[in-house]
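Single-structure report; data block below.
The values are calculated or read from the model by the stated rules, or taken from the named source; none is laboratory data. Bear in mind that the values here come from a model prediction, so they are computed numbers and not experimental data. A quick note on method: Cβ atoms are made from the backbone with ideal geometry, for glycine too, and the neighbour counts reach across all protein chains shown. These accessible areas exclude ligands, DNA and RNA; they are computed on the full protein's heavy atoms, side chains included. Shrake-Rupley method; radii C 1.70, N 1.55, O 1.52, S 1.80 Å.
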Amino acid sequence: MDLTNGFAFICPFKTNSGNKALENLPVELAGLNACKPLIITSRKLAGGSAIGTLKNAFGDSGMTFGVFDEVTETADLNVVEQIRDIFIKGQYDSIIALGGGVIVDVAKIVNLAVSQKVADARQLSTATAIRDPLGPFVVIPTAAATGMETSKYASLHGISFVAVHLMPDLVILDPRLTRAKDGKAVAEAGFAAFGRILEADVAPGKNPLMHAYAFTALRFLRENLAEAVTKRCNKKASLAVANAVAMSGCVISNTDQTVLHRLGKVFQNIVHVHPGMIIGMCLYPFLDDQIKKDRSLLSNLLLTLGGDDKYVFMPEDGRPGAALREIYEFSYEIYAALKGKMPPTIREAGIQQYLMDDVLEVINQEPDGAYLRTIIDRVGGSSIKA
Amino acid sequence: MQEIHAGGKPLKKAYVAIFLWFTGRAIQAAAKVDKEVKKEFDTLPDEFTFALGSLPNGPWMVVGKEKGKVKYFGGNLKCRPIHLRLVIKNIEAAFLILSFQESTALATTRNRLMTDGEVPYALSVIRILDIVEVYLLPKLIASLAVKRYPSWWPFGHKLAGRIGVYTRTLLGI
Amino acid sequence: MILPDYYEFCCRVQIVAGHDALEKIPALLAEMGAKKPLIVTDKGVAAAGLVDIVVNALKEGVTIGGIADNVPPDSDLKVVNQLAGLYRDNACDAIIAVGGGSVMDTAKGVNIVVSENATDLMAFSGAGALNRRLKPLVAIPTTAGTGSEVTLVAVIKDHEKHQKMLFTSYFLLPNVSILDSRMTMTMPPFITAMTGMDALSHAVEGYYCLQKNPLSDAHSLAAVNMIHQYLSMVTKNPADKEGRLAMAVGACLAGISFSNSMVGIVHNLGHATGAVCGVPHGICMAVLLPYGLEYNMHKRRDIIAELLLPMAGEDVYLKTPRAERADKVVSLIRQMNQDLNVITGGRHARYFSEVKDRDGKQMVPRDVLPEIAKAALFDGATIYNPEDSDYEDNLLVLEAAWEGKPLDRSKIKKG
Ligand SMILES: [Fe+2]
């Protein structure tokens, strides 16, 4: 790793992962100087049993807490304002987000609104400056997490916010909540995390601190994702995947390499598919390009994915290719396990023509739009167009 | 939208309370029959008292020295001045530890246990708890619970010790 | 990669590294809403001209609220209170700590006093007594070793009452740590060697101790790689800019690892040796590290073997049979001590019997080993060591480390 140009890195959240992790919540909240949290979640998206498990975790703590469980997929700033009002009137002092995706976006923006004491959350916009640290904020991802929960990004209905202060203080990964209900959802989350981390980790500007997270997360996914997809009873594999997904939020907050991430996001916004599905498709063509640009950057990937022996026993010039094979095998196992439930190309995803037109229009506006377009072409995007 | 006041976990609490009672008595007994435990207590100051228990509201076990003798003082934290508290972060973790699913050492490395007081005292107390675990548990379980099962102790030492600790624990002498 | 049944990991500190990282401080302070920092340092750091470099880098947009260079080698409550007074009198709004462990501890102590408006620091000692953000603290380490720029502990001594106060809280973590190659460039070879071995001991102990977890592991692996590659190089060639930066980053990675996974018998015995004989911490670490590995070998062979590739690289890894990888790690560390001993003209000690003070007097006479072995029983690091260690175990390790003979592993009591 070349340190000549220097680097900066930050991961503000603490991770608590494993058996009975949730039960530490009262102690952890006390450490954050919080005693009356408001839980933001969704009965529909996070599930009643997850909410029940969380409530039980407060055990005999004697704490009082609020539960807002009505976040929906289409939540907007009106919902944020509704929750802000509840937060103020109920004199809550901290926020716990239970779930993934939109639930956490809403929670982050509520935290912004209450911490910066805005009079009306509907006035918040992309231009809102986020200068100071926000109030105590805990994220408890479920299997529905996308990886963005732990990141510095939040977006809701086209309004987006970026600030390190939006990241949680604490992430709790509890095997009772991270167990996958649906193999496809785990695969999507896993692919999203894998792709986002991978592109940061094969970039020339990576630094050793970010690489520590990338290394851990990529290896966890390589070793556990297929298992978590096929054997839903395997709590340990799903927990390992959830760990990797949470780490991906840290990695993406410390990189400006976001080709795969942006591709996923465009489809997510326009076609309403999980970004992981698109990232999974684009993984291979993207890396194919990287290997043409600079083979040495992929060399280390073999060490991360294959382990010490595979790396050392492969001659130097075979390593980038072997890394690609690792990724090919990794994806193949997952696609095979899902037996067609996860489309490997855009064509097979059955995305309609008018939506593809919208996607391409947005992509053309990106500074590197022409390049992004070539990736889409290779995963069957253009053939719909033809 | 609803506001909830966290309730209790009476069953787990009762279990933990029973085991704390048992462990407290066992320490008192072990201090009489085991030289290692005795030696460890000798390094601690007179009237030294420690408590082991769970956040936020107990239960607790208070053990200390009184006029040179080691005594179990019950579960009331206010019964006398306490020099060291070993605090388990929540009742679920207390259950794991006191049902011997996790040893004190393992629980510490899993951040389940906090110490409030001087580190040297805490180490002495953890060593005492380890020895008592070896006495109370069959070898198979104890060897999982402690880092190193003292297989070099003569067999008679352990057996006699165990019987001694058990009877004294139950009789409270 | 093993996922423990339960683990916690946290390092909230923003790390800014580079050959010109100091110049980023004004912008970083501005982000935290501060513009008048108090600089806390010690006489040695100031005399080496390091404070001047920092002050020069701060020029724009920052008013320096004061420079206090009177931090003693052993943190002291009186100094903490005096510096807090200075902070208040000059209406400072942030603290910049430039130095090693004692400077960091002192700065953390000052931060508690000024943030909590404390009159009695003791009230905030122990774990969990602090529960809100303190004033912005920027840490600039001047040794590549202690890792205290990323640790959440502070030790302040009350020399009048003969008390040692321990503070542990995530709120004690610096907001930013600046790793700048210029800060270690003038460190003499002898100090470079021992602080570097301290860093290596953090990376290695962090990797085998009981509280290890996947993230601390990844930090350790990276640290071991950088430290092994660069330590001898910068000891030989102090002006090696790239090497200095790599060592600073490596030591920081090692600090992040061990502050999450804790340390074991090497630090356990090292703390005791320091307390009984006054031997500098880094020397204790250099001497004890191979023995700590040997002592835990029967429990951690496979784990220790995983350090070989990052440490020695492909060639050595390929040439070493699988079963001997862990032993090779130990012999490589012995070799490092040997190399450093040669580079420093014999000043870097390999065994305790070699440790001498300024007057050439032996610092660890053989007959104090029992006292050290006993003191070690009361040091917290014993909890996290994979194998239990009682008085006899401690003495066994200390005697081997004194003589410089490999540990006779058949004498270790195994359960
Ligand atoms: Fe150290």
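Annotations
- Inter-residue pairs, beta-carbon under 6 Å, first within 14 Å of chain B (Cβ to nearest Cβ) and in segment C:262-287, second among the acidic types (Asp, Glu) and within 11 Å of the ligand (Cβ to nearest atom), 6+ apart: C:263/C:205; C:264/C:205
- 1 or more residues aromatic (Phe, Trp, Tyr): qualifying strands (runs of 3 or more DSSP E) within segment B:19-132: B:49-54, B:60-66, B:69-72
- Number of residues in segment A:91-127 that are open to solvent by 40 Å² or more (accessible area, probe 1.4 Å), in a loop (DSSP other than H, G, I, E, B) and of a type outside the set (Lys, Arg) equals 7.
- Total residues in segment A:69-86, condition closer than 18 Å to residue A:51 by Cβ and buried (at least 24 other Cβ atoms within 10 Å of the Cβ): 2
- Counted residues, segment C:289-308 - those being part of a helix (DSSP H, G or I) and open to solvent by 10 Å² or more (accessible area, probe 1.4 Å): 8
- Residue in segment C:255-268 that is most open to solvent (accessible area, probe 1.4 Å), counting only those that are within 12 Å of the chain's Cα centre (by Cα) and within 12 Å of the ligand (Cβ to nearest atom): C:262
- The residues of segment B:73-102 that are surrounded by 21 or more Cβ atoms within 10 Å (Cβ to Cβ) and under 25 Å from residue B:34 (Cα atoms), listed by number, are B:84, B:86, B:97, B:98, B:102.
- Counting only residues that are out of contact with any strand residue (DSSP E or B) (no Cβ under 8 Å at 6 or more places or on another chain), within 16 Å of the ligand (Cβ to nearest atom) and of a type outside the set (Ser, Thr, Tyr), segment C:198-241 holds 14 of them.
- Among the residues examined, residue B:88 qualifies as of a type in the set (A, V, I, L, M, F, W, C), within 11 Å of another protein chain (Cβ to nearest Cβ) and free of Cβ contacts under 8 Å to residues at least 60 places away in the same chain.
- Elements of type helices (runs of 4 or more DSSP H) in segment A:179-298, at least 2 residues being closer than 24 Å to residue A:349 by Cα and either touching a helix residue (DSSP H, G or I) at 6+ places or on another chain (Cβ under 6 Å) or of a type in the set (A, V, I, L, M) (or both): A:183-201, A:208-230, A:259-271, A:275-293
- Selection status of residue A:62, assigned to a loop (DSSP other than H, G, I, E, B), open to solvent by less than 50 Å² (accessible area, probe 1.4 Å) and under 25 Å from residue A:274 (Cα atoms): no
- Residue within segment C:134-155 that is away from the ligand (no atom under 16 Å from the Cβ) and farther than 18 Å from residue C:41 by Cα present: yes
- Single residue of segment C:269-282 satisfying the filter (part of a helix (DSSP H, G or I) and more than 11 Å from the ligand (Cβ to nearest atom)) that is nearest to residue C:199 (Cα to Cα): C:269
- All conditions in (1) touching a residue at least 40 places away in the same chain (Cβ under 8 Å); (2) surrounded by 15 or more Cβ atoms within 10 Å (Cβ to Cβ) hold for residue C:115, with the sole exception of (1).
- Among the candidates A:130, A:109, residue that is under 17 Å from residue A:80 (Cβ atoms) and at pLDDT below 95: A:130
- Being within 13 Å of the ligand (Cβ to nearest atom), in contact with a Pro (Cβ under 8 Å, 6 or more places away or on another chain) and open to solvent by less than 40 Å² (accessible area, probe 1.4 Å) is a property that does not hold for residue C:177.
- Flag if residue C:306 is of a type in the set (Asp, Glu), away from every other protein chain (no Cβ under 12 Å) and either away from the ligand (no atom under 13 Å from the Cβ) or closer than 20 Å to residue C:219 by Cβ (or both): no
- Candidates C:275, C:286, C:251, C:218, filtered to the one that is open to solvent by 10 Å² or more (accessible area, probe 1.4 Å) and among the aliphatic types (A, V, I, L, M): C:275
- Hey, residue C:230 closer than 19 Å to residue C:7 by Cβ and among the aromatic types (Phe, Trp, Tyr) or not: no
- Matching residues, segment A:39-71, being at the interface with chain B (Cβ under 7 Å from one of its Cβ atoms) and either under 18 Å from residue A:175 (Cα atoms) or of a type outside the set (Asp, Glu) (or both): A:55, A:58, A:59, A:61, A:62, A:63, A:64, A:65, A:66, A:67, A:68
- Segment C:1-81 holds helices (runs of 4 or more DSSP H) entirely within its bounds, and those carrying 3 or more residues that are small (Gly, Ala, Ser) and in the same structural domain as residue C:143 (by TED's automatic domain parsing) map to C:43-47.
- Qualifying residue in segment C:180-196 (condition: within 16 Å of the ligand (Cβ to nearest atom) and more than 28 Å from residue C:24 (Cα to Cα)): yes
- Any chance residue C:328 is in contact (Cβ under 8 Å) with a residue 40 or more places away in the chain, farther than 19 Å from residue C:196 by Cα and surrounded by fewer than 22 Cβ atoms within 10 Å (Cβ to Cβ): no
- Considering C:150, C:138, C:176, C:114, the condition of being touching a Gly at 6+ places or on another chain (Cβ under 7 Å) and within 30 Å of residue A:134 (Cβ to Cβ) is satisfied by C:150 alone.
- Matching residues in segment A:330-363 - criterion: being open to solvent by 90 Å² or more (accessible area, probe 1.4 Å) and modelled with pLDDT of 90 or more: A:332, A:361
- Segment B:111-121: number of residues that are in contact with a strand residue (DSSP E or B) (Cβ under 8 Å, 6 or more places away or on another chain), of a type outside the set (S, T, N, Q) and surrounded by fewer than 23 Cβ atoms within 10 Å (Cβ to Cβ): 6
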